[in-house]
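**Student:** Quick one: the structure is below, questions incoming.
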Amino acid sequence: MTVDMELEGPTAGGVKYDDLLISSSALGPQASMKRATATYVPHDDPFLVREKNYDRQYAQLYFYRLLKIRPSVEAAAKQRWPGVPEVRVMDAQEGADCVLIGTLYKDMKLKPSILDEYVKDKSTQQHMGHTRFTSADDRLVLEDEGARISLTGASLPASRLVTGIIIAVRGSVLESGEFEVTDSCFAGLPPQVARPPAPSGAEPRYVAFLSGMGMSERRGPSLALQLASDYITGALGSRAEHAVSAGIVRLVVAGGLLAGATEALARGPRGADAAEREAALAGLRDADMALAALSAAVPVDVMPGAADPSGASLPQQPLHPALLRAGAAGALTRSPNPHAFELDGVRVLGSAGQNVSDVMRFAEVDEALDVLEGSLGWRHLAPTAPDTLPAYPFYNRDPFVLEDCPHVLFAGNQARFGTRLVQGPEGQRVRLIAVPSFAQEACLVLLNLDTLACHPIYFDVPEV
């Protein structure tokens, strides 16, 4: 069950520029801000790569994923189809009704490959610039520990599925050797630790989410970002908004500090002169100063994003301390991507958005919230890794498997803001949040830590 757009607070157009031009002195001597607090516990250990070894193959990662999620899928299949036998792919008999469980592989004609530059099929090449690689010719293959089999059947939503999902399919083997699917199911939402009750009579407390600052040598901090920073720190805003700012216990910057990897830095010291390197570092310095101002007033978690100076493979490791020297003086926490933490018993999990964007490239899904909700049902945060999404070749674990259900699941750097409340069959309640890129939407998202209601604040700055 899902409930779309459960919002609170200002939602009609956001915060206007003129509304924010109120000096803190106008609020009176009793308006000095006392910021709310919450106990912070990071849960990032699964996403930290202590020992790096890139000599391994990815087969072990897929094997572990199937091993870990299969029991939950088996339980869901038995509940959905009682009495229907589950068999291995090798043991499936022609015409016999049965259940198969395995890992999906999506065979896609338009999926980019290093070999595509040698392909002479112009009908394929003309699609290579597209951001979505689905076509009517896509087909699904199911693979378990021993064999694989092609899937067919109108009941299987192939267009909305991607490689790496663990699934149970019911049907029978055809004379052609394909498996005709009549129904399918996933593991479903994992178990959830009960959220502590909201304190009675207390002022609302908020977690703020921001992503996609988009700094570069050509684009410094925007006026909208400066206003957002002043709003969070309590330097601007009406009396009511000043009270909201005081309730912000933590800010999560979900990647996207830089607009893109600069050419000068990519060429290295031998390929770029000192002036070029200095200009290329301007965006990083601007991001550092912005984070320093924020972390001086409120605890800040900063995650790396796709273009930020961290490894490209997920999980991205925390930014190096030398990159954010000014922010080190404040309450700045360098976090990995994905990032998991707990605030007064509320468990939050999220990413800078690469996992969501990658699913949307290889499936006909237009809403980030649909991908986030699908991740809960699949019990996996990044199913397309390592097929189309770079990932570290883990040997005996898969950190993206969802063993328990968070209370909040977010993705940064999305095209627009969105939120949804997902309710599971065992009482799970998960707040989904699509955090838009600030460089495009100038949007800050506030989540009520006590009720899980959330609302966006747009900083609409008039063009000059």
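The values are calculated or read from the model by the stated rules, or taken from the named source; none is laboratory data. None of the values given here were measured: they were computed from a predicted structure. FYI the Cβ positions are ideal-geometry reconstructions off the backbone, even for glycines, and counts take in every protein chain you see.
**Student:** Please pick out the residue among TYR54, TYR105 that is touching a residue at least 24 places away in the same chain (Cβ under 8 Å), surrounded by fewer than 18 Cβ atoms within 10 Å (Cβ to Cβ) and among the aromatic types (Phe, Trp, Tyr). Walk me through how you get there before you give the answer.
**Tutor:** Details: TYR105 fails: surrounded by fewer than 18 Cβ atoms within 10 Å (Cβ to Cβ).
Among TYR54, TYR105, only TYR54 is touching a residue at least 24 places away in the same chain (Cβ under 8 Å), surrounded by fewer than 18 Cβ atoms within 10 Å (Cβ to Cβ) and among the aromatic types (Phe, Trp, Tyr).
**Student:** Here is a follow-up. Got at least one residue in region 387-397 being buried (at least 20 other Cβ atoms within 10 Å of the Cβ), closer than 24 Å to LEU104 by Cβ and acidic (Asp, Glu)?
**Tutor:** no
**Student:** Give me the residue from region 442-464 that is touching a residue at least 60 places away in the same chain (Cβ under 8 Å) and of a type in the set (Asp, Glu) and, out of that set, farthest from ASP370 (Cα to Cα). Explain how you work it out, then say what you get.
**Tutor:** Applying the first criterion (touching a residue at least 60 places away in the same chain (Cβ under 8 Å)) to region 442-464 yields 442-462.
Add one more test, that the residue is of a type in the set (Asp, Glu), and what stays is 450, 460.
Numbers: ASP450: 24, ASP460: 28 Å.
Checking each candidate, the answer is ASP460.
**Student:** Considering only region 284-292, I want to know if a residue exists there that is among the hydrophobic types (A, V, I, L, M, F, W, C), part of a loop (DSSP other than H, G, I, E, B), out of contact with any Ser or Thr (no Cβ under 7 Å at 6 or more places or on another chain) and farther than 30 Å from GLY374 by Cβ.
**Tutor:** From region 284-292, those among the hydrophobic types (A, V, I, L, M, F, W, C) are 284, 287, 289-292; that's our starting set.
This time we only want the ones that are part of a loop (DSSP other than H, G, I, E, B), so: none.
No.
**Student:** Looking only at residues in region 436-464 that are surrounded by 22 or more Cβ atoms within 10 Å (Cβ to Cβ) and out of contact with any Pro (no Cβ under 9 Å at 6 or more places or on another chain), which one is nearest to TYR206 (Cα to Cα)?
**Tutor:** LEU447
**Student:** Here's something else I'd like to know. What are the pairs with Cβ atoms under 6 angstrom where one residue, in region 184-195, is more than 13 Å from GLN423 (Cβ to Cβ) and the other, located anywhere, is among the polar types (S, T, N, Q) and outside any loop (DSSP other than H, G, I, E, B)? Sequence gap at least six, or different chains.
**Tutor:** ALA187/SER72
A quick yes/no check of all residues on (1) in contact with a Ser or Thr (Cβ under 7 Å, 6 or more places away or on another chain); (2) without any contact (Cβ under 8 Å) to a residue 40 or more places away in the chain; (3) acidic (Asp, Glu):
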| residue | (1), (2), (3) |
| --- | --- |
| HIS339 | no, no, no |
| ASP344 | yes, no, yes |
| ARG361 | yes, no, no |
| ASP366 | no, yes, yes |
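**Student:** Exactly one of (1) closer than 27 Å to ALA76 by Cβ; (2) of a type in the set (A, V, I, L, M, F, W, C); (3) part of a helix (DSSP H, G or I); (4) in contact with a strand residue (DSSP E or B) (Cβ under 9 Å, 6 or more places away or on another chain) is unmet by MET360. Its number?
**Tutor:** (4)
**Student:** Take the conditions under 30 Å from ALA75 (Cα atoms) and modelled with pLDDT of 95 or more and apply them to VAL430. Does it pass?
**Tutor:** When the stated conditions are applied, VAL430 passes them.
**Student:** Looking at region 333-368, which of its residues are closer than 26 Å to THR451 by Cβ and either surrounded by fewer than 20 Cβ atoms within 10 Å (Cβ to Cβ) or over 10 Å from the mean Cα position of the chain (by Cα) (or both)?
**Tutor:** THR333, SER335, ALA340, PHE341, GLU342, LEU343, ASP344, GLY345, VAL346, ARG347, VAL348, GLU367
**Student:** Only one residue in ARG270, ARG277 is in a loop (DSSP other than H, G, I, E, B), at pLDDT below 90 and of a type in the set (Lys, Arg). Which one? Explain how you work it out, then say what you get.
**Tutor:** Working: ARG277 fails: in a loop (DSSP other than H, G, I, E, B).
The unique qualifying residue is ARG270.
**Student:** Being modelled with pLDDT of 90 or more and assigned to a loop (DSSP other than H, G, I, E, B): is that true of ALA235 here?
**Tutor:** Taking the combined requirement at face value, the residue does not satisfy it.
**Student:** Pairs under 6 Å by beta carbon, first residue farther than 14 Å from PRO436 by Cα in region 403-423, partner at pLDDT below 95, six or more apart or different chains?
**Tutor:** HIS407/ARG195; ARG420/THR2; ARG420/ASP4; LEU421/VAL3; LEU421/GLU6; VAL422/THR2; GLN423/MET1
**Student:** A further question on this structure: Out of everything in region 148-174 that is outside any strand (DSSP E or B) and modelled with pLDDT of 95 or more, what residue ends up being surrounded by the fewest Cβ atoms within 10 Å (Cβ to Cβ)? Write out each step before concluding.
**Tutor:** Just the residues of region 148-174 that are outside any strand (DSSP E or B), to begin with: 153-165, 174.
After this cut, where a residue has to be modelled with pLDDT of 95 or more as well, the list is 161-165, 174.
Numbers: LEU161: 25, VAL162: 27, THR163: 24, GLY164: 24, ILE165: 27, LEU174: 14.
Across region 148-174, the extreme among qualifying residues is LEU174.
**Student:** I'd like to know if region 114-127 contains one or more residues that are small (Gly, Ala, Ser), loosely packed, with under 15 Cβ neighbours inside 10 Å, modelled with pLDDT of 95 or more and outside any strand (DSSP E or B).
**Tutor:** Step one: of region 114-127, the residues small (Gly, Ala, Ser) are 123.
In the following step, the residues that additionally are loosely packed, with under 15 Cβ neighbours inside 10 Å were identified as 123.
From what is left, the residues that are modelled with pLDDT of 95 or more are none.
No, there is no match, as no residue in region 114-127 is small (Gly, Ala, Ser), loosely packed, with under 15 Cβ neighbours inside 10 Å, modelled with pLDDT of 95 or more and outside any strand (DSSP E or B).
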